[in-house]
Amino acid sequence: MGANDGVLSGLRVIDCATYVAGPAAATVMSDFGADVIKIERPPDGDLWRTFSSVPGYPSTDFHYTWLLTSRNKRSIVLDLTKDAGRDTLLKLVAGADVFVTNFQQSLLDKFRLRWEDLRAANARLVYAHITGYGEKGEDADSPAYDGLAYWARSGLMTSVTGADGTPAGARPAMGDHPTAMSLFSAIMLGLYRRERTGQGSKVMTSLMASGAWANSVDIQAKLCAAQFPKRVAGARPMNPLIAAYPSSDGHAMIIACLDPEREYSRLCEALGEPDLATTPLFATHEARKENAAELHAILLSQFESKPLSHWREKFKTYDIKWSPLPSLEEAVNDPQMRDCGAIISCDYPGIGKVETVNSPVFVAENEKHAPMAPPKYGEHTRVILKEAGFSAGDIEKLIASGVAVASDGK
């Protein structure tokens, strides 16, 4: 794909955010050809660069988080605590289409980087702000991570319990990336509005709102005073037709018969037990509900008597909705991950071919840009400043004063 190809080619995005949710929305735009400029702070840049060294998370010398969320971008380091740093950022904003930030409101006020400040420099700017808990209320300015605002505060964490009844902890950025897609959608709405009106706008989302959307079925049920079945640690599944089972060769699977009036008899055929569909114990919805423990015991006995390969074939033959429950190693080696475009290859200087996770949006007849390695700290400072109209002398003065940092060796 050429430099001018891509649905979003010609757009310039200022990624003035940290960690994941805001920057990941800009990453999606870069996949479709947008020029994304990553603003980093001295002296170390975005801490997401070295997240792989945080105790308790998968560790390696390869900074996998930086590849995932900063591919295709260009890095410039500016000290926004200095007036000259802010003024330099405003010159970049003047030529940009989108500005992405996750700064708390107090920091936006401090640095004078609010929507009201930036639209004075660029009336066509789409200003995308992501927060932990929204922009109003007691917690509006509270710092947040996705494990707190998305996973815990939305009720998701306590709705998903382990065998011992304890809440399931969040995995890295499991709420940030879905929230990034909400922000990406909001940005595209802002750009669409600009096409119609010629005016920029402010668009927003929050980790909490995105978490509530993820947990919306249960939340809506609670809002409508629904009665929830009691969760008991280590108990059998409440519905044996929507449950996980082991196979004889040590693997696990999950079945999901959401339409038992049509699917239950097919499941019985797949099991080689067609009589289970007609016996009064299980022939109706009410009977299966009343005798759920007995049905679960039968299904468990059947599934654990044959290997996963057997059930894979049977489920396909009888059109049973199911999935294996792979280990993470099995998941990343699943050929379907590559066939559906979820995992793609990247040329990484000094290393060679590296695979990375693709953004989950595709446009027919418009290929995405092949992912490029993420930028080094301050790698593009000089070239970005030159594009913004700074002279060579002014650029060197900014670097000498510490307002900007360059690591391109030039």
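The values are calculated or read from the model by the stated rules, or taken from the named source; none is laboratory data. Not measured: the values here are computed from a predicted model. Methodologically, a virtual Cβ is constructed for each residue, glycine included, from the backbone with ideal geometry; neighbour enumeration extends over all protein chains shown. Just so you know, the surface numbers come from the protein's heavy atoms only, side chains and all, with ligands and any DNA or RNA stripped out. Shrake-Rupley method; radii C 1.70, N 1.55, O 1.52, S 1.80 Å.
With a cut-off of 10 Å between beta carbons, the residues surrounding Asp141 carry a summed charge of -4, where Lys and Arg count +1 and Asp and Glu -1. Compactness of segment 140-234 was expressed as the Cα radius of gyration divided by 2.2 N^0.38 Å, which yields 1.36. Under the simplified labelling scheme, the Leu223-Thr279 pair shows an inter-label distance of 4.3 nm, with each label point 7 Å from Cα along Cα→Cβ.
Plugging the Kirkwood radius over Cα pairs into Stokes-Einstein for segment 170-326, at a temperature of 25 °C and a viscosity of 0.890 mPa s, what D comes out in µm²/s? Diffusion coefficient, whole number: 128 µm²/s. With kT/(6 pi eta Rh) evaluated at 20 °C and eta = 1.002 mPa s, and Rh the Kirkwood radius from Cα pairs, segment 324-410 diffuses with a coefficient of 130 µm²/s according to Stokes-Einstein. For the chain, the solvent-accessible area works out to 52 Å² per residue, with a probe of 1.4 Å and every protein chain left in place. When the C-alpha to C-alpha distance is required to be over 26 Å, the pairs from Lys202/Lys397; Lys289/Lys321; Lys321/Lys353; Lys38/Lys110; Lys38/Lys202 that qualify are Lys202/Lys397; Lys321/Lys353.
For the chain, the share of DSSP beta bridges that are antiparallel, to the nearest 5, is 45%. Partners of Lys230 within straight-line reach, counting aspartates and glutamates whose Cα lies under 17 Å from its Cα and excluding those fewer than 8 residues away in the same chain: Asp164, Asp218, Glu290.
Both numbers refer to the Cα atoms of segment 8-99; Rg and Dmax are 13.8, 42 Å. Across every pair of different alpha-carbon atoms, what Kirkwood hydrodynamic radius in Å does segment 196-264 reach? Evaluated over segment 196-264, this radius sits at 16.7 Å.
Which residues among segment 246-289 fall inside the zone where the amide N is under 14 Å from a point 7 Å beyond the Cα of Glu304, along Cα→Cβ? 246-253, by backbone N distance to the label point. Taking the accessible area of the chain, probe 1.4 Å, and keeping the other protein chains in place, the carbon and sulfur fraction comes to 55%. If only the Cβ of Lys and Arg carry +1 and only the Cβ of Asp and Glu carry -1, the dipole of segment 60-159 around its Cα centre is close to 380 debye.
Its convex hull of Cα atoms gives segment 229-272 a direction-averaged projected area, equal to a quarter of the hull surface, of 4.1 nm².
Selection among Ala140, Ala173, Val126 by position relative to the dipole of segment 84-195 gives Val126 as farthest towards the positive end (Cβ unit charges, Cα centre).
Each of Pro58, Ile320, Pro43 was placed along the dipole of the chain (beta-carbon charges, centred on the mean Cα), and the one lying farthest toward the positive end is Pro43. Computed on the Cα trace of segment 1-158, the radius of gyration divided by the Kirkwood hydrodynamic radius gives Rg/Rh = 0.97.
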